[in-house]
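Following: one structure in structure tokens, then a few remarks.
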């Protein structure tokens, strides 16, 4: 195929020069199928004698993505200076937002990092969360009001969900009469005000209609995940009322990493991190 | 405690040592100059200059007059045709390395016909035409409220504007759009189809039209900060939809605590993790990662505590007992860091004479270390001040310096683990590697995008969402 005198091994020059000439020749005669050209090329050349950089350059030409070698990428990484204090702050923020009070206290001592929220408020918040998670909704409501009565006042959806959870717990414990009374007196009036609440109320009351509650269409309401959902909602509302962000910052940072790598993948081949738990760099696909 | 005498080779002190020396040098250069303002402002960090005034060098043939403050523009005569526009660009193009750029124009007088405009043009622009009438230029015109982008016919865009109105022009690098405001309200945006630097531009064209320009010296009428936050939130909601493994954060935090030796915190976190609902999925205790992570955990915790309390003598003796290989070479970087810290502690305690004698007896043997001169100079400078903590070398007396030394010793101990093949892996925690990667990726993405847009800044993440 490659009978042109310029392209034969005897024409002189380095293997890289020859590679380039052949590449350009193909590019001129058939700009369409560069990948096929490369295959053809590798059949006719001693690829092992090519330098990594040359290969990278030509790979980039074929795929029009910038290729960054491991060595170059590590240089870029080394140019990034991360302050230890900032990392400590991220850790403290995680411990505090997730409610690991004792760990946060200890971390303050071991690292000298000040929490961005009063640790005393965490204990109260965790007590509320735990109460909901264990199904003691009345107790939780009392505690929330002790903490800050405005939270439930300004959050009708949260209040409804707590009441709904109370209803679910009554049904779970077989207290049918009490459940119905509660539904009629406390929840029905809310349902009248709000279409969404009404639908939720109807779904919940429907639990009473089934013999085998765990397998019925609304069975998921009895699942522990429902308690966790409500607990999470309460936790978020308390944090917000304390002018604190309801989510820790670290997961957001991880998402940014995944997102920006996906974006960068469209334009460049570079060492990626796929396993967040090890942060190991994987060499760029060649 | 008896993990002391390990049979491994002496650790790769050089690599690790030089990393921490470099870190100290970097801190010295960046902190030493401004002890109060630790971090430069975000924009200073990027090293770009912003427009500050109207350009008076490239005039448009003298049809308009720029005021002496270089922030006002007047069209004194009657215009005759479409090629005698009094158009002026800013003295510099809009900076690229940020999320938004913005400037405002106040219409002091709409003159005879109110043919004023605000927009962006390139350096090749013919300075006799309204912005938007030529290719690669954009202009929002006051007389008809149309947006012109490259030819004589404009598109319906926003309201007209006249005397007393303030209009603003901005660039959103994330969405690659120009946006315009009138009296503090966004009127519209348009795709920015022009490559390369663009200049903020204003123009006047009928008799007695007069405008003033604000490049940020005075507060804007438009709430730019709020708009910026809005735009960031939009970006954020795209990112929020990304899926990450559950408990990924928890694992990374654990790994961080293990890496730096925060043993007590780790214990409490593990207890708490088991009792959350649902319990966090904990790494099995026998896995290789776990063993490497908890290597010498108690010893590292102890040494960190000693250094953070300034007990350097005790640090030396403890290291001598447990890890003699780290301190046996008295000229190693680790020893240098520790001796400097001892010096600093003596100054902190006001024992200046003792400090001088200590320095004289210890510092000499480290002459061969690179960076030695600058760092010893910094230490010695502490002696010159009555209130050293307020001086340019005050950073040495802060916790961060003790932290640096503690981290260096921590890494040296980690490197004595016979299972560790590459000493470099001991230097950075998993969290640090993730932060470096995300920062580098954002920088590369920006660089491939004509260097437009903001970089990833950890401090911005940490400070976001703070109210009051």
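Just so you know, all these numbers are worked out from the coordinates, no wet-lab data involved. Only a predicted model underlies this, so the values are computations on that prediction, with no experimental measurement involved. Methodologically, a virtual Cβ is constructed for each residue, glycine included, from the backbone with ideal geometry; neighbour enumeration extends over all protein chains shown.
Quick look at the numbers
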| quantity | calculated |
| --- | --- |
| Area projected by the alpha carbon convex hull of the protein assembly as shown, averaged over all directions, nm² | 47.4 nm² |
| For B:81, B:205, order by how many other beta-carbon atoms lie within 10 Å, fewest first | B:81, B:205 |
| Projected area averaged over orientations for segment B:349-453, convex hull of C-alpha atoms, nm² | 10.9 nm² |
| Mean ellipticity per residue at 222 nm, deg cm²/dmol - from DSSP H runs of n ≥ 4 across the protein assembly as shown, formula -39500 (n - 2.57) | -14500 deg cm²/dmol |
| Segment B:54-214: C-alpha pair distances exceeding 18 Å, % | 51 percent |
| Cβ-based exposure ranking for A:73, B:133, in which fewest neighbours within 10 Å come first | A:73, B:133 |
| Per principal axis, descending, Cα span of segment B:196-257 in whole Å | 70, 22, 22 |
| Cα radius of gyration and Dmax for segment A:120-241 (Å) | 14.2, 45 |
| Kirkwood Rh in Å, taken over segment B:305-400 so that all alpha-carbon pairs contribute | 13.8 Å |
| Evaluated over segment A:58-119, the Cα radius of gyration and Dmax, each in Å | 19.9, 58 |
| Rel. contact order, % - alpha carbon contacts under 8 angstrom, at least six apart, segment A:120-241 | 32 percent |
| For A:95-102, mean number of other protein chain Cβ atoms within 10 Å | 4 |
| Hull volume in cubic angstrom per residue (convex hull over the Cα atoms of chain B) | 197 Å³ |
| Segment B:261-420: radius of gyration and largest Cα-Cα distance (Dmax), Å | 18.8, 60 |
| Peptide B:399-407 - average C-beta neighbours from other chains (10 Å radius) | 2 |
| Bins of 10 Å, starting at 0 and running to the largest distance - Cα pair percent for segment B:273-352 | 15, 34, 24, 15, 11, 1 |
| Neighbouring partner chain Cβ atoms per residue of B:258-266, average, 10 Å criterion | 5 |
| Fewest-first ranking of A:266, B:46, B:209, using other Cβ atoms within 10 Å as the exposure measure | A:266, B:46, B:209 |
| Relative frequency of Cα-Cα separations exceeding 16 Å in segment A:171-241, percent | 58 percent |
